[in-house]
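**Student:** Below are the structure tokens for one structure; questions will follow.
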Amino acid sequence: MADTRNADLTFGATDYLVHMAPLNTAAPADFADPAAPWQCLGWVTTEGGLFTIEEESQDIDAAGSLEPIRTLMTKSTKSLQVTFLEGLNPLVRSLYDNVSIDSLKPNDVTGIASYAFPDKPNDLRYGFVFDTMDGDKKMRFYMPNGKVVERGDEQPQTTDVMPVQLTFRFYKGASTAAVTRSIDYGDVDVSGFFPAAP
């Protein structure tokens, strides 16, 4: 078997971008910069994003067998946690405070935006794109139907900027999967992983 090890296949994110758009907005073509209606959520911490898949299953036991006779997959949840640095970015603020983006529009006279937090959480859903770059290598997550399900503590402070930590959960889109990953290998030759059929 051929040795296909290649240090160029390691991936260290040099940039991390998050974009949002209305629910079920089509994914940007290939790795093009997302254009309207996609909007950027600004700078994130150097940790980038933490993508997780949590799966749950249930074993079916039966008489006559010491091992389960079947395992049912009961749940597969996909989520991504990002800490944003622009604590006053209207998009980030609306996601954290769980209000529509229109609530963040400043008054034409006073320049102030004022709004009430919802007593009952709003089910605000959007499309999201998460882009990671390492030179000419790129990865993209496209999620057509996502919402914020967890929020970190808010702590304005004098020694650092106020981070805004959000955890997104993703659901199936109107006609697409909950999560689609795209990979651009850049100039790295990966043909050795896909030998031609005999």
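A short reminder: the numbers here are calculations on the coordinates, not readings from a lab. Being a predicted model, the structure only gives us computed values, none of them experimental. Methodologically, a virtual Cβ is constructed for each residue, glycine included, from the backbone with ideal geometry; neighbour enumeration extends over all protein chains shown.
**Student:** Using only the alpha carbon atoms of the range 98-156, find the Kirkwood hydrodynamic radius as the inverse mean reciprocal pair distance, in angstroms to one decimal.
**Tutor:** That comes to 14.9 Å for the range 98-156.
**Student:** Next question. Using the alpha-carbon centroid of each, what span in Å lies between the range 136-198 and the range 1-78?
**Tutor:** 6 Å
**Student:** Once you've got the GNM for the chain with C-alpha springs shorter than 10 Å, pick whichever of P68, P156, P144 has the biggest mean-square fluctuation.
**Tutor:** Highest fluctuation of the listed residues: P68.
**Student:** If you don't mind, there's one more thing I want to ask. How would you rank M20, M133, M162, going from fewest to most other Cβ atoms within 10 Å of each one's own Cβ?
**Tutor:** Lowest count first: M162, M133, M20.
**Student:** For the chain, how big is the tail of P(r) above 27 Å, as a whole percent of Cα pairs?
**Tutor:** Above the 27 Å cut-off, the chain has 45 percent of its Cα pairs.
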